[in-house]
Every structure is written in C-alpha cells, then in structure tokens.
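Take a look at the structure set out below.
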Amino acid sequence: VVHNVTDTVWGVVLLKHDAPEHLTIQLQPPILQPSKEGTKEQLECCFLLMDRLFGYGYRRIQMAIDSQDKEKGKLALRLGFSFEGTLLKHNIVKDANRDTNLYAVINTDWQQGARAAIFNKLHGLTALRADQNNEKLEEEQDEKDRVLAQQKAAETKKVA
C-alpha cells in the first residue's frame, strides 16, 4: 500500500490460497502503519483489491482472522464480508492454540450492493452515481463491441 501523493509505503495486503480453478482466493487483512489502522485508506486499499479480483472473475473472497483480533473482524464486516464460523484450534501460534474466524464475500453479494455501499462510504453519493453511470456506459460499449464482432464473424463466413 503506497500513498499516491508522497510515494511512501503505508503497508501491505497479501493474497493467499489462490485457487483459480475454483475462482476463490483468500485476502489477508492489511498490515499497515499503526496510524493507518481503521482509516478510510485501509478500507479503500482492500476495496480496490477486492473490486479488481471480482473484475477478474473470482466468485469468492475469504478472510481468515485470529478470533482474538476484534479490529480485523470489524474490518471484514465493513468490507461486506459475512461471518461464516470459527475453526477451533486452527493454528498454534507462540505455543498456544489459535482459533480462526472465517469471513467471506461472494460475487453476487458484491454486485448486488456490497460494492456500492462501500464505494458510497469512501467517496459519497455523487461519486457513486458517477461510478454507476460509468459502469453502465462500459457495459453498453461491451455489448456494442460484442455485436460488431458477431457481425464481422458472420461476414467473414459468407466470404469464405
């Protein structure tokens, strides 16, 4: 995570357990400078990554968080993740059992409102409307391109 004005590194967000054959991936909670924890920037870096992953066609993004880490659990919920359960004694960390809370968000939830809700939190209603209008225009252009490609393929068949 790099601040776009100062080019200073604020932290890192990691992806694990990428399973492209199942279109699933695990997002690790971001590791940021302490002053950036719980900020809009933390939310936005995760939002941008999640939006890109769903744009690539992933169907499920999950987060596995230490059950003792309440702040990361709140972040998962703010990002539209749903709590799925707890894996008891999932890991051993510093010679102690660690329970892991699982959270997940799926592409249909993202498309049906989670994305818009987070975008609105980050940038406001005016920017959300502009973003939605841009999405609509992109979809219309994609449809035009698809129709033109079909017409060109049909014309090529006629000539051949």
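The values are calculated or read from the model by the stated rules, or taken from the named source; none is laboratory data. Here the structure is a predicted model, which means the values were calculated and not measured. Reconstructed Cβ throughout: ideal geometry from the backbone, glycine too, with neighbour counts over all protein chains shown. Heavy atoms of the whole protein, side chains included, go into the accessibility calculation; ligands, DNA and RNA do not. Shrake-Rupley method; radii C 1.70, N 1.55, O 1.52, S 1.80 Å.
Observations
- Filtered by the rule that a residue be assigned to a loop (DSSP other than H, G, I, E, B), closer than 23 Å to N101 by Cα and either of a type in the set (A, V, I, L, M) or modelled with pLDDT under 80 (or both), the stretch 1-37 gives V13, L14, L23, E37.
- Taking each residue of the stretch 87-103 that is touching a residue at least 40 places away in the same chain (Cβ under 8 Å) and looking for partners that are outside any strand (DSSP E or B) with beta-carbon atoms closer than 6 Å, six or more apart or interchain, yields Y103/A76; Y103/F81.
- Pick from the stretch 24-67, criterion among the small types (G, A, S) and in contact with a helix residue (DSSP H, G or I) (Cβ under 9 Å, 6 or more places away or on another chain), ranking: surrounded by the fewest Cβ atoms within 10 Å (Cβ to Cβ): G57
- One residue stands out among those in the stretch 126-146 that are closer than 27 Å to L23 by Cβ and hydrophobic (A, V, I, L, M, F, W, C): the one that is most open to solvent (accessible area, probe 1.4 Å), which is L137.
- K89 closer than 22 Å to G73 by Cα, assigned to a helix (DSSP H, G or I), at pLDDT below 90 and of a type outside the set (D, E): no
- Residues (within 12 Å of the chain's Cα centre (by Cα), of a type in the set (D, E, K, R) and open to solvent by 60 Å² or more (accessible area, probe 1.4 Å)) located in the stretch 98-125: D109
- Taking the stretch 38-75 as the range and being aromatic (F, W, Y), over 15 Å from V13 (Cα atoms) and not in a loop (DSSP other than H, G, I, E, B) as the test, only F54 passes.
- So K70, is it open to solvent by 50 Å² or more (accessible area, probe 1.4 Å), free of Cβ contacts under 8 Å to residues at least 60 places away in the same chain and not β-branched (V, I, T): yes
- Condition met for N101 (over 16 Å from P30 (Cβ atoms), in a strand (DSSP E or B), in contact with a helix residue (DSSP H, G or I) (Cβ under 8 Å, 6 or more places away or on another chain) and at pLDDT below 95): yes
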